[in-house]
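Only the coordinates and a few stated rules stand behind these numbers; no lab work does. On a predicted model such as this, the values are computed, not experimentally measured, just so you know. Glycine also receives a Cβ, built like all others from the backbone with ideal geometry; neighbour counts cover every protein chain displayed.
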Amino acid sequence: MLRLGRREFGAHEPVIMAIVNRTPDSFYDQGATFRDEPALARVEQAVADGAAIIDIGGVKAGPGEEVSAEEEARRTVGFVAEVRRRFPDVVISVDTWRASVGEAACQAGADLLNDAWGGVDPGLAEVAARYGVGLVCTHAGGAEPRTRPHRVTYDDVMADILRVTVGLAERAVALGVPRQSVLIDPGHDFGKNTRHSLEATRRLGEMVGTGWPVLVSLSNKDFVGETLDKPVKERVLGTLATTAVSAWLGARVYRVHEVAETRQVLDMVASIAGHRPPAVARRGLA
């Protein structure tokens, strides 16, 4: 059982986490949801399209202008409070590596802290424990926040992913984070080259086999772009193909830009796997 905020998700229930970037320089939407009005419209549409989690971030993942903790909080915390007011049942996630931002977000109503940088601030897990919220434990290969990988190597990339993410998850539970609210994430692109991310996808079943629910953040990432030689705006099909493979291998949560398309992919995979009946079944019955 996966429990986040007011929601409980069954063992075979795929969960969509919609990305809402509160940044002026996001790699994908170039600031489309930086202002409150379009950001709230994005939340409303994502929920209507089937997202159960809204992931709010105030700093883009890649290099760029320095964003202080105070500025990150200014971009996200008030917005968390407003989303909580308008959508009381949605699971609110905050994408941050900073304990101070996580604390302010939890006070505003966040249910989940999405630590994409692999526990670089160990205080973030302590915040999650103190507020009883969920935590995403990600493999980032020891990279510093907002840096790109440079000639990174692993003897066995999945072995390193398992060592780091399971270790972070076990630490979180030992601190008091509810076990049913901890997820692990292989960290596609983070501290990895394209071949590493492809291998992490191919071997995702090994993460699923640990018993921790697995979150994948695949949406329009560089490993998709390099694999298909496509720019950012032409990576949706590659992302959806990777999503289907990840779903077949047992991933539970999908952090995405395209919610409606992802919902169809996940529903189709669930039906093929026998976990979901067809929406209608008329063929051959008349």
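Restricting region 1-97 to trypsin sites (Lys or Arg not before Pro) that sit in a DSSP loop and have at most 15 other Cβ atoms within 10 Å of their own Cβ leaves ARG6, ARG35.
Annotation: the residues VAL67, VAL47, sorted from fewest to most other C-beta atoms within 10 Å of their own C-beta, follow the order VAL67, VAL47. Secondary-structure-derived ellipticity at 222 nm for the chain, considering helices only, amounts to -13000 deg cm²/dmol, per-run term -39500 (n - 2.57) for DSSP H runs with n ≥ 4. Sorting the segments 163-173, 97-107 by their mean number of nearby beta carbons within 10 angstrom, highest to lowest, gives 97-107, 163-173. Residues LYS221, LYS230, arranged from fewest to most other Cβ atoms within 10 angstrom of their Cβ, appear as LYS230, LYS221.
Ellipsoid semi-axes for region 143-286, based on the Cα gyration tensor and the rule √(5λ), read 29, 21, 13 Å when sorted largest first. Radius of gyration over Kirkwood radius for region 2-273, both on Cα atoms: the Rg/Rh ratio is 0.92.
Entry note, region 1-122: relative contact order of 25 percent, from Cα contacts under 8 Å with a spacing of 6+ residues. Each Cα pair under 8 Å and six or more residues apart adds its separation to the average, and for the chain the resulting relative contact order is 18 percent.
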